[in-house]
């Protein structure tokens, strides 16, 4: 199955203790698509300005990402500039210029409207809801959000919960949204409002998936060198939803495997700037890291 | 096999958002012993003052903890008073009165000197080294330490590394000791100085075990209500080393299982004040939670 993703397509300038990059491909839809393209075909809806280096997107096209929903608008592209310190845990945003993204109104092309798997990247929840009016009968709608929307459009975020099957958000966002410090309680709060599945991402500390009354946990891979954490969450989502779409299997066993594929893709993207590593790795790399994740947590519960 | 533990035996007064307790059993050796007693016999070496409510230790004795190495000294017992806020991540120390603990010089009784499994709880590294002069040929020496000793007695902590097989420490301590932000690098730094096995505890984010070139990770159990985090690290160590001693098997597979038994015991102790929950739970509870830990991380790496 194909995945439809709606989100930002940006140009990121990032400084980490290991180097810097200017105007590199960024944005939630970009990371998601680059990651998910390892598993299935991707339909991308977003907006870029006249200044966007479109040739850089060709590699995504060659990987099966359909950009016919990428709108070209008058004005400047969304640009973000950030810096990470040595702990790499949180970015200091130095500059955010929304440009054409500030007037983005997602228009889902007719041929994308029958998508069975939909990922609503982190954009205004009113736009996320609007996308849902434009798609026909998706089998799985997943969304992401962020602190900015939880603060400024809380009611819309809660309304969105009633319309999605699955949400991914990070631990601080889950606490902020639910006003529950405890993540088990936070997940239940969210599930009571709609989603059957809640994935709470804890960055370098891994991710929980709550599904009904079951909990699954996947650690982040203990990398020796994290180069640039930008895009880890969207790459996680790309691996997660991309794998689910490719298998078209929403069983709990497959959801668990999908979380690990998400973690695998998140572990790759942080090894380089922008989507660089996502474009480098191949099926063998992904399979090898999946096996490493398995070995990382494997133990025999049968006491000899 | 029996485990010898040397550490503090204290009286803790703790305030959490869920209640408070005064002069409850505490200290690294106490938590370790209560936890390890579920797996094997424990020999405890420590010191208490004349004011210690010894009758409260009888329950440990009835569980197979040998207190013949517990010294009674003139003066007041070690007392700690602390408070946790809503996030329960770190205690605010309100008062620390070392009392008789400030003059503690561990004397290992003759019948304890042949112990094969030794845990050096978090005390002055010079005393930890001194204990090692008093034991004969242990099969496994494990130790813990803390930021205070890393700051004030760094050379002795490093010297200790050359004498132990295994160290447990938390992530911030590992970073402080090694001056490496990355935990993989921190673990390697430590292993280069002696220990074959390094367990880095991340509190609510679980624990890594580095063993040769292998890494194992066990999450913390996602409890809905953490009542009091005091003693989680020592209870982890008690389950970990206690299980190893009971099986007398230092294979990697058994070390992995031991980390999970440590996590199981850590997950119980935080459900109540002091060692209360450790005294309540039984073999079935432990087996059930071990199974829950297994289910928490289990996934099938074989893509169908």
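The values are calculated or read from the model by the stated rules, or taken from the named source; none is laboratory data. Treat the numbers as computed from the prediction; the structure is a model and nothing was measured. Cβ atoms come from the backbone with ideal geometry, glycine included; neighbour counts cover every protein chain shown.
Among the numbered criteria (1) within 19 Å of the chain's Cα centre (by Cα); (2) more than 7 Å from chain B (Cβ to nearest Cβ); (3) assigned to a helix (DSSP H, G or I), which single criterion is violated by residue A:230? In the conditions (1) within 19 Å of the chain's Cα centre (by Cα); (2) more than 7 Å from chain B (Cβ to nearest Cβ); (3) assigned to a helix (DSSP H, G or I), residue A:230 misses (3) alone.
Candidates in the stretch A:281-304 are the residues that are more than 8 Å from every other protein chain (Cβ to nearest Cβ) and either assigned to a loop (DSSP other than H, G, I, E, B) or modelled with pLDDT under 95 (or both); of these, the one that is surrounded by the most Cβ atoms within 10 Å (Cβ to Cβ) is A:281. Looking at B:278, B:244, just one residue is more than 13 Å from chain A (Cβ to nearest Cβ) and either touching a residue at least 40 places away in the same chain (Cβ under 8 Å) or in a helix (DSSP H, G or I) (or both), and that residue is B:278. Summed over the stretch A:247-264, the residues that are more than 21 Å from residue B:206 (Cβ to Cβ) and in contact (Cβ under 8 Å) with a residue 60 or more places away in the chain give a count of 2. Any residue at all in the stretch A:39-47 that's under 17 Å from residue A:273 (Cβ atoms) and under 18 Å from the mean Cα position of the chain (by Cα)? Looking for residues that are under 17 Å from residue A:273 (Cβ atoms) and under 18 Å from the mean Cα position of the chain (by Cα), one finds none in the stretch A:39-47, hence no.
Here residue B:204 fulfils each of the conditions (1) touching a residue at least 12 places away in the same chain (Cβ under 8 Å); (2) at the interface with chain A (Cβ under 9 Å from one of its Cβ atoms); (3) out of contact with any strand residue (DSSP E or B) (no Cβ under 6 Å at 6 or more places or on another chain); (4) farther than 22 Å from residue B:93 by Cβ apart from (4).
Every residue, every condition in (1) crowded, with 17+ Cβ neighbours inside 10 Å; (2) at pLDDT below 95; (3) in a loop (DSSP other than H, G, I, E, B), yes or no:
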position: A:129; (1), (2), (3): yes, no, no
position: A:133; (1), (2), (3): no, no, no
position: A:148; (1), (2), (3): no, yes, no
position: A:155; (1), (2), (3): no, no, no
position: A:160; (1), (2), (3): yes, no, no
position: A:168; (1), (2), (3): yes, no, no
position: A:175; (1), (2), (3): yes, no, no
position: A:198; (1), (2), (3): yes, no, no
position: A:204; (1), (2), (3): yes, yes, no
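Against the numbered list (1) touching a strand residue (DSSP E or B) at 6+ places or on another chain (Cβ under 8 Å); (2) away from chain B (no Cβ under 14 Å); (3) buried (at least 22 other Cβ atoms within 10 Å of the Cβ), residue A:235 comes up short only at (1). Take residue B:61 and decide whether it is over 30 Å from residue B:86 (Cβ atoms) and surrounded by 24 or more Cβ atoms within 10 Å (Cβ to Cβ). No, not satisfied.
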